[in-house]
Amino acid sequence: MRAPLQQIQTSSELPQSADAVVIGGGIVGVFAAYYLARRGMKVVLVEKGRIGAEQSCRNWGWCRQQNRDARELPMATRSLDLWERFVADSGEDTGFRRCGLLYLSNDEAELARWARWRDFARTAGVTTLMLDGAEASERGRATGRPWKGGVFSPSDGTADPSRAAPSVARAILKLGGTVLQNCAARGIETEGGRLSAVVTENGTIRTKVAVLAGGAWASSFCRQFGFRFPQAAIRSSILSVSPGAEGLPDALHTAKISVTRRDNGGYTLAISGRGRVDVTPQQLRFSSHFVPMFLKRWRSLAPGGLQGVRCGHETLKLWRLDQPTPMERMRILDPVPDKATIRLTHARALELLPALRQTRISAAWAGYIDSTPDGVPAIGEIDAVPGFFLAAGFSGHGFGIGSGAGHLVADLVTGSEPIVDPKSYDPRRFDASSWGKVADF
Ligand SMILES: Cc1cc2nc3c(=O)[nH]c(=O)nc-3n(C[C@H](O)[C@H](O)[C@H](O)COP(=O)(O)OP(=O)(O)OC[C@H]3O[C@@H](n4cnc5c(N)ncnc54)[C@H](O)[C@@H]3O)c2cc1C
């Protein structure tokens, strides 16, 4: 069974013109469109499948500052505030709660790393609590075992992946914006070197601004007009269980298993960082860019199969704008979960948290996590096509920072004071070298 997702009714008429067109209705695209609409712009969001149906409904729902890379921490902090403010401003419920995240460990080296991060985070005004053995064992009492230490990050939280993006899309509609589902953008047109239109399967929208928030499809889309965006996707497999387990932390991470309470009282179970590499033509093309990333993560990655080729998101083909594209053939990227990972995840979770034995598996799914070579997203205007903005490559962190990323996109489009310094996200960094410091997941 697929990851749960709230279905919503959206617009049916394709406008002929717009102040801005957002391509992709994942969490980044909907927040970008929402913040643009709040500034009074006539916004059209086009989504080739259903709002939120790819990565944005398949994740754990963590919105965290804890252990964030220095380049992303300011955005993570602002994003948490924006998640909170969105509910107050829009009246829509994303399920966001600052429930705090609990990390437990028996590994001295890991505890030392967390302590170093705590010291760094303090300089950025972020409070995180290091737990000694007694405190960690008390907070982790549902495991029924002692722990050497841990971390609790009280200002972090979770939102509900099954309704977050649909809630934001409803807020766009309330502001008078247009949201179209089953409407793929096939490409762009330019006039005098500037963006002049977005071509969709249902017609052309004249516009001076387009934002590509296309997740795992962004690189192949950019290739159509010659922009080189190094991007690769990893298939991550997770599962959910039914309600019935009492007394567990809302969000718990250990090296072996991570557990997150869902809105219905069930839990999402996952192994952090574990994934399969389904080789594709695009991965081969960009493989040299991802060497540092691979060297850092190889222990948790395993070879996959040919699903990535069949899905078509990482094709190297050039397509025509007057014929169906790979995006129309694959409305929702829904890779098959890795059975061995699902079995291992479930077994580890039952072993660590005996209360989960009262539950049953309710769903299992996979998602393609789109990553850049340094694990930091690409957000900014493309020099070669003024008016075209990229917001992709969220590298496994995009749900939590989706609100901040969407706000930053709106700032850049409107030339306002950016909510955070956009330098670290500038897509031009890949022109020089894509071998930057690799961020942790
Ligand atoms: C198993 C898993 C666990 C994760 N856990 C977390 C977590 O706990 N916390 C966290 O912060 N992040 C997490 N992530 C990462 C997070 O889900 C993503 O970074 C985030 O959802 C990316 O959002 P997005 O909007 O960029 O992409 P997506 O959600 O993938 O959305 C892109 C959308 O664009 C559409 N699209 C693409 N091309 C076109 C086109 N040409 N025309 C129209 N539409 C188009 C697609 O259909 C899709 O709906 C996890 C991811 C996975 C898979």
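Only a single item in (1) touching an Asp or Glu at 6+ places or on another chain (Cβ under 9 Å); (2) buried (at least 17 other Cβ atoms within 10 Å of the Cβ); (3) farther than 24 Å from Phe96 by Cβ; (4) touching a residue at least 40 places away in the same chain (Cβ under 8 Å) is not met by Arg228, and it is number (2).
Counting only residues that are in a loop (DSSP other than H, G, I, E, B) and hydroxyl-bearing (Ser, Thr, Tyr), which one in the range 272-310 is nearest to Trp365 (Cα to Cα)? Here the answer is Ser272. When Gly177, Gly133, Gly125 are checked against the criterion of being crowded, with 22+ Cβ neighbours inside 10 Å and not hydrophobic (A, V, I, L, M, F, W, C), a single residue qualifies: Gly177.
Quick grid of which residues meet (1) touching a helix residue (DSSP H, G or I) at 6+ places or on another chain (Cβ under 7 Å); (2) assigned to a loop (DSSP other than H, G, I, E, B); (3) more than 16 Å from the ligand (Cβ to nearest atom):
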residue: Gln66; (1), (2), (3): no, yes, no
residue: Pro74; (1), (2), (3): no, no, no
residue: Thr77; (1), (2), (3): no, no, no
residue: Asp93; (1), (2), (3): yes, yes, yes
residue: Tyr103; (1), (2), (3): yes, no, no
residue: Gly125; (1), (2), (3): no, yes, yes
residue: Ser137; (1), (2), (3): no, no, yes
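Taking the criterion of being away from the ligand (no atom under 14 Å from the Cβ) and farther than 17 Å from Ala392 by Cβ, the residues of the range 227-255 that qualify are Val241, Ser242, Pro243, Gly244, Ala245, Glu246, Gly247, Leu248, Pro249, Thr254, Ala255.
Okay, residues lined up against (1) over 30 Å from Pro422 (Cβ atoms); (2) touching a residue at least 12 places away in the same chain (Cβ under 8 Å); (3) away from the ligand (no atom under 16 Å from the Cβ); (4) within 18 Å of the chain's Cα centre (by Cα):
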{"residue": "Cys63", "(1), (2), (3), (4)": "no, yes, no, yes"}
{"residue": "Asp69", "(1), (2), (3), (4)": "no, yes, no, yes"}
{"residue": "Leu80", "(1), (2), (3), (4)": "no, yes, no, yes"}
{"residue": "Ser90", "(1), (2), (3), (4)": "no, yes, yes, no"}
{"residue": "Gly100", "(1), (2), (3), (4)": "no, yes, no, no"}
{"residue": "Glu108", "(1), (2), (3), (4)": "yes, yes, yes, no"}
{"residue": "Arg116", "(1), (2), (3), (4)": "no, no, yes, no"}
{"residue": "Gly144", "(1), (2), (3), (4)": "yes, yes, yes, no"}
{"residue": "Ser167", "(1), (2), (3), (4)": "no, yes, no, yes"}
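Take the range 394-438 and flag every residue that is surrounded by fewer than 24 Cβ atoms within 10 Å (Cβ to Cβ) and hydroxyl-bearing (Ser, Thr, Tyr). Passing the criteria: Thr414, Ser416, Ser424, Ser433, Ser434.
Only one of the listed residues (Val30, Val44) is assigned to a strand (DSSP E or B) and under 25 Å from Val211 (Cα atoms). That residue is Val44. Checking each residue in the range 49-64 for being part of a loop (DSSP other than H, G, I, E, B) and farther than 16 Å from Cys99 by Cα picks out Gly49, Arg50, Ile51, Gly52, Ala53, Glu54, Asn59.
Got at least one residue in the range 376-393 being under 21 Å from the mean Cα position of the chain (by Cα), crowded, with 21+ Cβ neighbours inside 10 Å and within 27 Å of Ser240 (Cα to Cα)? Yes, the range 376-393 contains a residue that is under 21 Å from the mean Cα position of the chain (by Cα), crowded, with 21+ Cβ neighbours inside 10 Å and within 27 Å of Ser240 (Cα to Cα). Under the condition of being in a strand (DSSP E or B), touching a residue at least 12 places away in the same chain (Cβ under 8 Å) and either small (Gly, Ala, Ser) or touching a His at 6+ places or on another chain (Cβ under 7 Å) (or both), the residues counted in the range 182-210 number 5. Just one of the listed residues (Phe388, Phe430) is in contact (Cβ under 8 Å) with a residue 24 or more places away in the chain, in contact with a strand residue (DSSP E or B) (Cβ under 6 Å, 6 or more places away or on another chain) and aromatic (Phe, Trp, Tyr), namely Phe388.
Of the numbered criteria (1) farther than 29 Å from Leu5 by Cβ; (2) within 13 Å of the ligand (Cβ to nearest atom), the one Pro354 fails is (2).
Checking each residue of the range 422-436 against the condition of being in contact with a Ser or Thr (Cβ under 8 Å, 6 or more places away or on another chain), modelled with pLDDT under 95 and either farther than 14 Å from Arg78 by Cα or among the β-branched types (Val, Ile, Thr) (or both) gives at least one match. For the range 317-341, the tally of residues that are surrounded by fewer than 19 Cβ atoms within 10 Å (Cβ to Cβ) and either more than 23 Å from the chain's Cα centre (by Cα) or farther than 23 Å from Gly26 by Cβ (or both) stands at 10. Against the conditions (1) touching a helix residue (DSSP H, G or I) at 6+ places or on another chain (Cβ under 7 Å); (2) within 24 Å of Asp19 (Cα to Cα); (3) within 16 Å of the ligand (Cβ to nearest atom), Val385 satisfies every one except (1).
Among residues of the range 17-55 being farther than 24 Å from Glu189 by Cα and among the charged types (D, E, K, R), the one that is farthest from the ligand (Cβ to nearest atom) is Arg39.
The values are calculated or read from the model by the stated rules, or taken from the named source; none is laboratory data. The structure displayed is predicted, hence computed values, not measured ones. Cβ atoms come from the backbone with ideal geometry, glycine included; neighbour counts cover every protein chain shown.
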